[in-house]
Each structure stands twice: as structure tokens, then as C-alpha cells.
Amino acid sequence: MTQAIGKPINRVDGRLKVTGDAKYSGEIPLENIAYGVIITSTIARGRIKHIDTSVAEKSPGVIGIITHLDAPKLYARPNFGHEGAAGEKLAPLQNSTIHYSGQAIGVAIADTLERATYAASLVKVDYEVETPLTEMGKERDRAYPIKKFVEFTVDFALGDAEGEFAKAAVKIEATYTTPTEHHNPMEPHATAAVWEGDCLTVYDSTQYIFGMRQGLAKMLGLPEANVRVLCKFIGGAFGCKYGMWAHTPLAAIAARQFRRPVKIVLTRQQMFGLVGHRSETEQQIKLGATPDGHLTALIHQGISQTSIFDEFVETFTTTSRTMYAVPNLRTAQSVVPLNKGTPTIMRAPGESVGTFALESAMDELAWALKLDPIELRLRNYAEVHPARQVPWSSKSLKECYALAAEKFGWSRRTPEPGSMRDDRYLIGMGMASACFPMEHFPASAIASIFADGSVVVQSGSQEIGTGTATVMAQVTADVLGVPVEKVRFEFGDTELARSPGTVGSGTAGSVGTAVHGAAKAVRAKVLELAQNDPNSPLYAVAETDIETDRERIFVKNNPAKGETYQAVLARHNLQQIDASFDAKPQEEEEFAKCSFGAHFVEVRVDPELGEVRVTRIVGAFAAGRILNEKTARSQISGATIMGIGMALHEETIADPRTGRTVNDNLAEYHLPVNADIPSIDVYFIDEVDTHVNPIGVKGVGEVGLTGMIAAIANAVYHATGKRIRDLPITPDKLL
Ligand code: MOS
């Protein structure tokens, strides 16, 4: 039997992308298009006293300038996670108040991008400046505690963690800090708005077309049915394209006002202010343990930033409630409102930086106990979910440790810090656990079989570059028993079946379940025609006796007895058969569901220059069924690379006096480049998990980033004996 699922097949859109035929949101050809350039605030707190657009308006090619003085009424939306794709709930250009530097205060529209850019520069603004609140550490007394953020409980207590920590024989207590970070996908946010009467069509680079539709409808005061959102290709998205930010409604109101399509593409500088970021964090961990390395208490608490007008929480304590068997557990988080933009989700939001703290602290405990870091983790292996006390739907973390350690050559490591050398370089080996909760969202799909034997399966969804279109074709192909080349996945349009946002590593499982269901439903329809047709070889054959392969439906024990889909359709004179399926999350609350993994990292540190190079990475991951080994590996590698960036390079720096980002470009905001990336070996442990969803998928988008930063920090400690608890690990901190 042919089997497409699991095969490392190439991306179905690979050719389109490398040849440039793939059209991204900013490249959709639209007649009579005008260009919008957003004008942003240069102060972080205060108000606009006076805004003068008169010179800008007379500039060549200018179609118009919109500011708060003449913008139409827009409606604010609820806070993050409560409705649609809330990015920031502030509706743009509604009054003169400024809450953060880089806030949208106007938009210039012209017949070319260059003329719009020039016009935007001619707008003169007088501000009444107030002293902005920009430093989290200095504003900590304004922090307020959070009970729960969206569906994540952060305020949690089990047993008496403080009491048991006080009594513990071995203690680790440390504070870990992580900086503000920006997403920086290669493709900046882009949008193009077109009106036909009262109906709006938006081509938008978004991770959530249906959320964008809902958000736009709400903000513009339109019925959702009047808004269509399309997104065919995305040049990367790590959470910043989930929410709706100012540029999309601004393009919509400009297009309406000037009666022509308007396109807005953010500049790289604007990517550092208009579309969210990962909040800085300050996290405290306390671990109490017995002398033989059993945890008796785990406390994880700390602060992150939010904006003045929104509440966003970087949920960094999640993994601490999930990872280790500990009878006394306490997590608590507070947020500090600052004159900065609203933070948002960024790949493994919370878990990425939270596991830096937790997995660094576990490494510190291993040193204190003189225990191998893997052994410490095995001694505290959570056989059930520690906070919820329910079993796992599946968990192969032990196998991940063993496989990755063996492939990495962990046994060659000599434990003493600074004990391994290569010429004048210090060599360090570190490891850490990875864990990401499985998310499953409602999703719908429609599958169609055509008279020529081709298959189309569709679900709104969006392809952020992960391989969604490819794996959906694979899932469909296997249900129907057709070659994967015969299947096309249609997506990226709110006219298609309703689907969730591409977030939380949840698309393969959620949309995959809908696609799987739709494919089964359409197969059943074809079969029913055959079963009821005396001219069919499958007349009166029960569904349980049926198998599909090579584009045929046939009797399991007698493959000759059967026929092709095409034959059934032809006999019934049908051009196509469709079936739809609405998939709901499998509510099995008696199970905890997570993807797990283990990272092993080797670093080489220059003792004179403090330079850290990651020289080898080996990881093993267990995430249920792997739909496509190639695209899944690529997800893990990509996340691993982001981990290198977060560990060693990335940091958004703001001037505390003005709240302005000073490194808002790719020259000064350091991202890892090819020269920073060693070979990355990724292994998967096969898991059959029937509790998560019918296709057994737990998700691979984010788990690869969790634990990665700590694995590097732990390797740096092993190399140098220096424990760096403040990211990024730059040379100055090692000298
Ligand atoms: Mo991801 S932060 O769920 O886009």
C-alpha cells in the first residue's frame, strides 16, 4: 500500500517559491494601486499638540494624508485572545494620545512608494512630551499579578513550595533575565485593501485570515460577511503576524477614503515597533532537592512587560508546571505596564525564555549535586503531569534523552568545567529538555474528487512556510489511496472552510484532522454510490471490508474486486463529489498532551575573546506522528536556530530616556546567519498517540526552541565555569 504520510517529500510550493512565481501579499498586482506609508510617533508618552500636513499634502503624487484629526471612527477590540486576532486593542488615529514610541499617528498615501515615503517625512508634529515609563526594573512596584492569561493559568500552587524550599537539603536560587526581542521574518508585514461598494477585500500577510476578518469587521463596524481576507504565501511569521496591528485597518480606511486600492508594506524599522515583540522577562527560580537529587520544591516567578493599554503576558512558567515530578510547586507572574508597544506571541511564547530559566537552574542543581544532568532529569521524570496529576497521552522523553545522548557522544564529556579543550579553545557540552503543550483548535475542511481523478482539499488556513500545504496533501492522499501529486490543498482565503490561526504548533493537528475527516467523508460518499449500484464490483460490500490504493477502492482480501474513483463518477455522470468535515478538539481532559525532546549542544569558547561558537547540535524529539520527516526536521532546525539567536545574539535595545529602539535594523539587531549555524542533527522518536487526534499529531513548530537556550548556556558553563543568567550571552559577559 502506498503511504505518503511520514515521507520526507519536498514542499509542494517549493518550485513556486524558488522561481519567484509565488506572489506574496505585497506583490499581488492590483489596478490603480496607491501606496501608504505610516507616520509614527517619535515620543513614547504624551500627546500631539499640533500636526501639520499642509506641506506634505502639496508634495508631488500625494493623494492624501490621514491623521487623528480626520480619521474615521474606528472601534477598539477586546484584549489578546478574546476575539479574533487581537494584536493591540488600540484603534489607530482616534485621538492625540501617545502611549509608545513608534505608535502610528498618520498615514501618507501617494501614487508611488517613494512619493508616499517623502510625503510622510514632510508631516510636522508638535508634541507635549511626558516622561515615559520605559524600564521594567525601575517600575517593578507598578507590577500587578496575573491569575490566568487566555487559557493559561499562571498563578498556581501545589503543596507548600516555600516551606519545603526552606527545609531543603540542597537549594538553588537564581534570577534569570531575558531581553526584548523582535520577530524579524524576512517578509515584513504587508497588506493591500480593495473596496467594492461596502465590501472589503484584504490581501494580508497574516497567520490568521479569519481572525483578521473578525478584527477588521469589528474595528470598521462592518458585518464579517463584507470582509474577505486572502493570504497565499508568507515569508515567515513567528507570532507577530497572528494579531492585527495598525497597518491593516489603516490601509482599509485609506482605500475607502481615496476610492482606490491601497497597499502598505512596513519598513524594517517599523517591524521594530508597530507589530509586537517578545517582552523582556525577569524570572526567579528556586529549586529544593534531597541529597540524592529528588526535587522537593520548585518555585518559578517573575515579571514581564505589557503596554499601558493592553494586557499581554509572556507565560514563562508553563514548563515549570509540566516538566518534572515535584510535590511542592508554585508559579506566579506579574506584568509591568510600560510606555512600549503591546508584546505578543513569539515562537514558543513563554516556554522559550521560561525553559532558559528552568533548564539552567536544573543544570545548576546537577552541578551542586555532582550528578550528571541527564541523570538528574531522569530522577525527576514526570510519569504523570505534575500539576494536573493526569497521565500523558504519550511521552517518549526518556527515549529522546537516550537517543540524542548516544548520537551526540555525551559519554565522551568530562564533567569538570573547563576540562575539555581543543588547542586554545575551551569546549563545552550542555543539554536540556524540551517541552511544548499540544494545542488543538476547531477547524473545517472540504474535500472534492473530480471526474479526471484529481483531488482538491481545502481549508481557509494559511501556509507560513512550515509545509502545511504539503502535509495536508499527504494526509488526503493516504485516506483516499491516491498519489500525493494528484492532491491539491487550497488555502489562504476566508471564502474557504473555516480554520484556526496558524499558531501554537497547532495547524498540522487541527487542520490535519479536518482534512482527514473531509477526505474520509468524500471517500465514503463515493463508496456509497458504488455500494448501492448493482453495476459496481463493490455492490453491497461493507465499508469495513474496503481498502483504497492506486486511486482505487477495492475489497481488502480481494484487490481485483474494485474500481477507480473515476469509474464511479463516470458511471454516475458526476463532474465532482464533495464532502465537508468540521473537526473539534478531542476533549480528553484525563490526559495531558505535550511534545517533548532533548537538546545536546557543543560550544567552543575563545578564552581570550569570550567568543562563543556553537559547533554541534543533536536533538531528539517525540511529537506523535511525524507527517513529513523533511518539513518536520526543518521546523525543528529553524526553531533551534532561533534558539541560537536568543542565546547568543538577539536583543532589542531601547533608550530609557525616550523609549526609542536604537537598533531597529538587521545590522545592529543581531540574528544568527549561516556562519553561526553548525550542523544540526534532528531525530524523531515515533509515537502512536490515539488520544490527541485521529491523525496522532502533537506538533513540531515550537518544541525545538524550548530548552535550546539553556542547552547553550549550560554548554558555556561547562566550557568556562561561568554561569550566564542574562541573555544574550555576549563576549563581554564571559571576560
Ligand atoms: Mo506562534 S508564537 O504560536 O506564531
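The values are calculated or read from the model by the stated rules, or taken from the named source; none is laboratory data. Keep in mind it's a predicted model, so treat the numbers as computed, not measured. Glycine gets a Cβ as well: all are built from the backbone with ideal geometry, and neighbour counts include every protein chain shown. Quick note on the areas: whole protein, heavy atoms, side chains included, nothing else; ligands and nucleic acids left out. Shrake-Rupley method; radii C 1.70, N 1.55, O 1.52, S 1.80 Å.
What does the extension gain come out to for GLU416 and GLU588, with contour length at 0.36 nm per residue minus their alpha carbon separation?
On the way: separation 172, 0.36 × 172 = 61.92 nm, distance 4.55 nm.
Value of the extension gain: 57.4 nm.
When both the stretch 545-566 and the stretch 379-426 are represented by their alpha-carbon centers, they are found 47 Å apart. Remark: the Cα gyration tensor places the chain in the oblate category, a/c being 1.5 or greater and a/b not exceeding b/c.
Heavy-atom surface analysis with a 1.4 Å probe gives the chain a carbon and sulfur content of 50 percent of its accessible area.
Charged side chains reduced to their Cβ positions (Lys and Arg at +1, Asp and Glu at -1) give the chain a dipole of some 380 debye around its Cα centre.
Subtracting the Cα-Cα distance of ASP676 and GLU629 from their residue separation scaled by 0.36 nm leaves 14.5 nm. Between amide H atoms placed 1.01 Å from N, distances below 5 Å from GLY87 occur with MET244, all of them 5 or more places distant or on a separate chain.
About the Cα centre of the stretch 596-735, what is the dipole size in debye to 20, counting +1 per Lys and Arg Cβ and -1 per Asp and Glu Cβ, all else neutral? Could you put the intermediate results ahead of the total?
On the way: 13 positive and 18 negative charges, 42 e Å.
Result for the stretch 596-735 is approximately 200 debye, rounded to the nearest 20.
The 1.4 Å probe gives accessible areas that order ARG412, ARG377, largest first, as ARG412, ARG377.
Between ASP141 and HIS572, the modelled labels are 7.5 nm apart [label points 7 Å from Cα along Cα→Cβ].
Across the stretch 632-647, rounded Karplus estimates of 3J(HN,Hα) from the backbone phi angles (6.51 cos²θ - 1.76 cosθ + 1.60, θ = phi - 60°) give 5, 4, 5, 5, 5, 4, x, 5, 4, 5, 4, x, 4, x, 5, 6 Hz, Gly and Pro being marked x.
With a ≥ b ≥ c the root eigenvalues of the C-alpha gyration tensor of the stretch 1-153, is it rounded (a/c under 1.5), prolate (a/b larger than b/c) or oblate?
Working: a/c = 2.62, a/b = 1.20, b/c = 2.18.
It comes out oblate by the Cα gyration axes.
For Cα pairs less than 8 Å apart in space and 6+ apart in sequence, what is the mean separation divided by the residue count of the chain, i.e. the relative contact order in percent? If you can, show how the numbers build up before the last one.
On the way: 1961 pairs, mean separation 121.5, N = 735.
Over the chain, the number comes to 17 percent.
Relative to one another, the C-alpha centroids of the stretch 322-371 and the stretch 474-513 are positioned 34 Å apart. If R0 equals 35 Å, the separation of the Cβ atoms of GLU543 and LYS7 corresponds to a calculated FRET efficiency of about 0.85.
If we sort 20-28, 651-659 on the protection proxy, mean other Cβ atoms within 10 Å, highest first, what's the order?
Values: 20-28: 15.7, 651-659: 17.6.
Ranking, from highest mean packing down: 651-659, 20-28.
In the chain, taking the dipole from charged Cβ atoms about the Cα centre, the farthest positive-side position among ILE449, ALA325, ILE234 is held by ILE234.
Applying a 10 Å radius around every beta-carbon, put 203-210, 563-570 in order of their mean neighbour count, most first. List each step's numbers first, then the result.
Working: 203-210: 27.5, 563-570: 19.1.
My ranking of the peptides, most packed first, is 203-210, 563-570.
Using C-alpha pairs below 8 Å separated by at least 6 residues, the relative contact order for the stretch 299-424 is 25 percent. Look at the dipole of the stretch 584-735 built from charges on Cβ: of GLY701, ALA623, HIS670, the Cα furthest out on the positive end belongs to HIS670. Going 7 Å from the Cα of ASN32 along its beta-carbon direction, which residues of the stretch 217-259 have the amide nitrogen within less than 13 Å of the resulting point? Only 255-259 pass the distance filter.
For the stretch 289-333, calculate the relative contact order in percent as a whole number, restricting contacts to Cα pairs under 8 Å that are 6 or more residues apart.
Values: 49 pairs, mean separation 22.4, N = 45.
Taking the mean separation of contacting Cα pairs over the length of the stretch 289-333, I get 50 percent.
Each peptide in 468-479, 342-353, 504-515, 115-126 gets a packing score, the mean of other Cβ atoms within 10 Å over its residues, and the list from highest to lowest is 504-515, 342-353, 468-479, 115-126. Annotation: extensible slack from LEU666 through VAL688 equals 3.7 nm (criterion: 0.36 nm per residue apart, minus Cα-Cα distance). When the residues PHE591, PHE408 are ordered by accessible surface, computed with a 1.4 Å probe over the protein chains alone, the sequence from largest down reads PHE591, PHE408. The helix-only estimate of mean residue ellipticity at 222 nm for the chain, built from DSSP H runs of length n ≥ 4 each weighted as -39500 (n - 2.57), is -7000 deg cm²/dmol after division by the residue total.
Please work out whether the stretch 449-583 counts as rounded, prolate or oblate from its C-alpha gyration tensor, where a ≥ b ≥ c are the square roots of the eigenvalues and a/c under 1.5 means rounded, while otherwise a/b larger than b/c means prolate and anything else oblate?
On the way: a/c = 2.37, a/b = 2.07, b/c = 1.14.
Prolate shape, in that a/c is at least 1.5 and a/b is the bigger ratio.
Projecting the Cα atoms of ASN558, PRO585, ALA540 onto the charge dipole of the chain (Cβ charges, centred on the Cα centre) puts PRO585 farthest toward the positive pole.
Computed from the C-beta positions of ARG424 and LYS722 and an R0 of 25 Å, the FRET efficiency is 0.90 to the nearest 0.05. Entry comment: accessible area of the stretch 618-735 is 35 Å² per residue, from protein heavy atoms only and a probe of 1.4 Å.
Report, in whole Å, the centroid distance computed from the Cα atoms of the stretch 240-311 and the stretch 663-705. So the separation of the two Cα centres works out to 20 Å. Ligands, DNA and RNA excluded, the heavy atoms of LEU378 present near 60 Å² of accessible surface to a 1.4 Å solvent probe.
Using the Cα centre as the reference, give the magnitude of the dipole from point charges on the C-beta atoms of the stretch 61-147 (Lys, Arg: +1; Asp, Glu: -1; all else neutral), rounded to the nearest 20 debye. Write out the running numbers ahead of the final one.
Values: 9 positive and 11 negative charges, 62 e Å.
Here the size comes out at about 300 debye.
For the pair ASP111 and HIS50, label points projected 7 Å from Cα toward Cβ lie 3.2 nm apart. Summarising the label geometry, the points placed 7 Å from Cα in the beta-carbon direction at CYS199 and MET186 lie 3.5 nm from one another.
Taking every DSSP bridge with both residues inside the chain, close to 80 percent are antiparallel.
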